[in-house]
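A quick write-up on the structure given underneath.
The values are calculated or read from the model by the stated rules, or taken from the named source; none is laboratory data. The model shown is predicted, which means the values in this text are computed figures rather than measured ones. Quick reminder, even Gly has a Cβ in these numbers, built from the backbone with ideal geometry, and neighbours come from all protein chains shown.
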Amino acid sequence: MRTGHLSNIGGMLLAGFSMLAAWTWTRPCHADMVDLGRGWKATFPAGYGVAQDGADQTIGTTLAQPLKQIVTNWTTLDPVSISFVNNSKSSDAPQPLDQFFLRMEFTNKTGQAWGGLQFAIIDNNGTQGGGSLLHPFQAHFHTDFFDPATVGFTTFTSTPNYGNDYADNNRGVYQFSFTGGFAVNPNDTWKPKLLDFHDRLKFDGEQNITAFTIVERPITPLPSSAVMGLALAIGAAMISAARLRHASTTNTR
């Protein structure tokens, strides 16, 4: 995450801590891990996981590893974090892909209508700067693979802010949200197509150390709480990233 964004998030974190006592936390337990192949592993709360979704796929000029996240019983309004790490070697063949297509199906079992959804991606290697607007070296999303007919929501915001037309923006973003003009009512399933995310492979000598975390959260009619909840989750992921970087310097995979 860029330095300029950290101060804003820090302010939200401080405000969020003062509200913790008033919140009811139903955060799912982090319990499951899955092997995605080519050195990639993902860790996530039980019931909210990702899995392989067929063979490598090319859309336009983009080659990516397809994943699916089918959650038939989404019961929490707290942020859900999915951590990805790669433990391959530079000598392995084939080398892992560093771009993913995620097919999502989220069934709302929270008992409340969702007025939107928020997404953030944290580079657990602490990467800042480099690359281009299209492909920053820092872990990022691409939203131009989304089909608006499947998204439903009509308002889009992102960091960096490139305007509301997400389907026509191929530049990398680190956070985004969909809101307005639509709701995912209780027992409805939201099935947008298609989220693309990308993290340039990083090595320490021969060892692949690429790692990032995706944070997802439904938005209820209390957007200020949702924003602060996501900020808290990002802060927790950044702390975990620091611990992961420290561990990578002291352990051999």
(message) Condition first: in contact with a Pro (Cβ under 7 Å, 6 or more places away or on another chain) and more than 22 Å from Arg103 (Cβ to Cβ). Now tell me which residues in segment 138-180 satisfy that.
(response) none
(request) List the strands (runs of 3 or more DSSP E) that sit entirely inside segment 54-170 and contain at least 1 residues that are free of Cβ contacts under 8 Å to residues at least 40 places away in the same chain, exposed (fewer than 15 other Cβ atoms within 10 Å of the Cβ) and not acidic (Asp, Glu). (result) 57-59, 62-74, 155-159
(message) Which residue is farthest from the chain's Cα centre (by Cα), if the candidates are limited to segment 59-83 and must be more than 20 Å from Thr107 (Cβ to Cβ), modelled with pLDDT of 95 or more and among the polar types (S, T, N, Q)?
(response) Gln65
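Inspect segment 6-27 for any residue being modelled with pLDDT under 90, assigned to a loop (DSSP other than H, G, I, E, B) and within 28 Å of Gln128 (Cβ to Cβ) and give the result as yes or no.
No, because not a single residue in segment 6-27 is modelled with pLDDT under 90, assigned to a loop (DSSP other than H, G, I, E, B) and within 28 Å of Gln128 (Cβ to Cβ).
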(message) Quick check on segment 187-203. Is at least one of its residues aliphatic (A, V, I, L, M), in contact with a helix residue (DSSP H, G or I) (Cβ under 7 Å, 6 or more places away or on another chain) and closer than 19 Å to Phe156 by Cα?
(response) no
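Okay, residues lined up against (1) surrounded by 15 or more Cβ atoms within 10 Å (Cβ to Cβ); (2) among the hydroxyl-bearing types (Ser, Thr, Tyr); (3) at pLDDT below 95; (4) assigned to a helix (DSSP H, G or I):
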position	(1), (2), (3), (4)
Phe197	yes, no, no, no
Glu216	yes, no, no, no
Ala226	yes, no, yes, yes
Ala231	yes, no, yes, yes
Gly235	yes, no, yes, yes
Ala241	yes, no, yes, yes
Arg253	no, no, yes, no
(message) Given the criteria farther than 27 Å from Arg38 by Cα, small (Gly, Ala, Ser) and either modelled with pLDDT of 95 or more or within 15 Å of the chain's Cα centre (by Cα) (or both), does Gly172 qualify?
(response) no
(message) If I ask for residues that are more than 20 Å from Gly49 (Cβ to Cβ) and touching a Pro at 6+ places or on another chain (Cβ under 7 Å), which ones from segment 79-111 would you list?
(response) Ser88, Gly111
(request) Inspect all residues belonging to segment 31-39 and state whether any of them is part of a strand (DSSP E or B), charged (D, E, K, R), under 22 Å from Asp188 (Cβ atoms) and modelled with pLDDT of 95 or more. (result) no
(message) Restricting to segment 181-213, name every residue that is within 21 Å of the chain's Cα centre (by Cα) and among the acidic types (Asp, Glu).
(response) Asp196, Asp199
(message) Tell me yes or no: at least one residue of segment 91-99 is farther than 24 Å from Leu134 by Cβ, of a type in the set (Ser, Thr, Tyr) and within 16 Å of the chain's Cα centre (by Cα).
(response) no
